[in-house]
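J.: Take a look at the following structure, please.
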Amino acid sequence: TGITNLDALSRLSALEYLSAQNNEISDMQGIRALTKLRNINLRGNKLTSLAFGDWAALEVLNVANNQIINPSVPSLPNLMTLNLSASEMNNLEFVRNLPNLLELHLGNVGTTSLDELTNLSSLTTLTI
């Protein structure tokens, strides 16, 4: 067993880096109010969806090895690295809101089409 939620972190308003990988976390609710987050690593948890806060400063998001099916990603203008490897999603429409993405990791995902990636003109690294 491991940590199941992030609720206790909700008042850590200066937090910029969070790594809570390989736990039992099923949602991101407890960190939605942390507007200074720049790097989040929730790899290997039990996330089925992404609940974003006002994370304009977010640069790196690693949610690989979760059970995310259809990520709904808001506009994240500073996000440079996104890892969704080993997720169960069936489309990549969410990348439209990530204009400055440099790295995208999609190894072992459920989607069969890469058409949505054509607009990622800043992308320098892609793993599929």
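J.: Rounded to the nearest 0.05, what FRET efficiency do Arg11 and Glu116 have when you use their Cβ-Cβ distance and R0 = 25 Å?
T.: 0.10
J.: Would you pull out the residues with amide H under 5 Å of Ser85's amide H, same chain only if 5 or more places away, H placed 1.01 Å from N?
T.: Amide H to amide H, under 5 Å and 5 or more residues apart or across chains, Ser85 pairs with Ala64, Asn65, Gly107.
J.: Report, in cubic angstrom per residue, the convex hull volume of the C-alpha atoms of the chain.
T.: 83
J.: Please give the per residue volume of the convex hull enclosing the alpha carbon atoms of the range 1-65, rounded to a whole number of Å³.
T.: Given the Cα convex hull of the range 1-65, per-residue volume reads 67 Å³.
J.: Count charges around Lys46 for me, please; just the other residues with Cβ under 14 Å from its Cβ, Lys/Arg as +1, Asp/Glu as -1.
T.: Net of charged neighbours comes to -2.
J.: Once you put a point 7 Å from the Cα of Thr4 and another 7 Å from the Cα of Asn97, both along the Cβ direction, what distance in nm separates them?
T.: For the pair Thr4/Asn97, the computed spacing is 2.9 nm.
J.: Residue by residue through the range 19-32, which ³J(HN,Hα) values in whole Hz follow from phi under the Karplus form 6.51 cos²θ - 1.76 cosθ + 1.60 (θ = phi - 60°), with glycine and proline marked x?
T.: Rounded to whole hertz, the list is 10, 9, 7, 6, 10, 10, 6, 10, 8, 9, 3, x, 10, 4.
J.: Quantify, in whole percent, the carbon and sulfur part of the accessible surface of the range 1-117 (1.4 Å probe; protein heavy atoms only).
T.: Within the range 1-117, the accessible surface is 44 percent carbon and sulfur.
J.: OK, next. Between Thr125 and Asn78, what is the FRET efficiency for a Förster distance of 25 Å, r being their Cβ-Cβ separation, to the nearest 0.05?
T.: Taking R0 as 25 Å, the efficiency between Thr125 and Asn78 is 0.90.
J.: Then there is this: Please compute the per residue accessible area over the chain with all protein chains in place, 1.4 Å probe, rounded to a whole number of Å².
T.: 52
The values are calculated or read from the model by the stated rules, or taken from the named source; none is laboratory data. Values in this document were obtained by computation on a predicted structure and should not be read as measured data. Glycine also receives a Cβ, built like all others from the backbone with ideal geometry; neighbour counts cover every protein chain displayed. Each accessible area value is taken on the protein alone, full model and side chains, heavy atoms only, with ligands, DNA and RNA left out. Shrake-Rupley method; radii C 1.70, N 1.55, O 1.52, S 1.80 Å.
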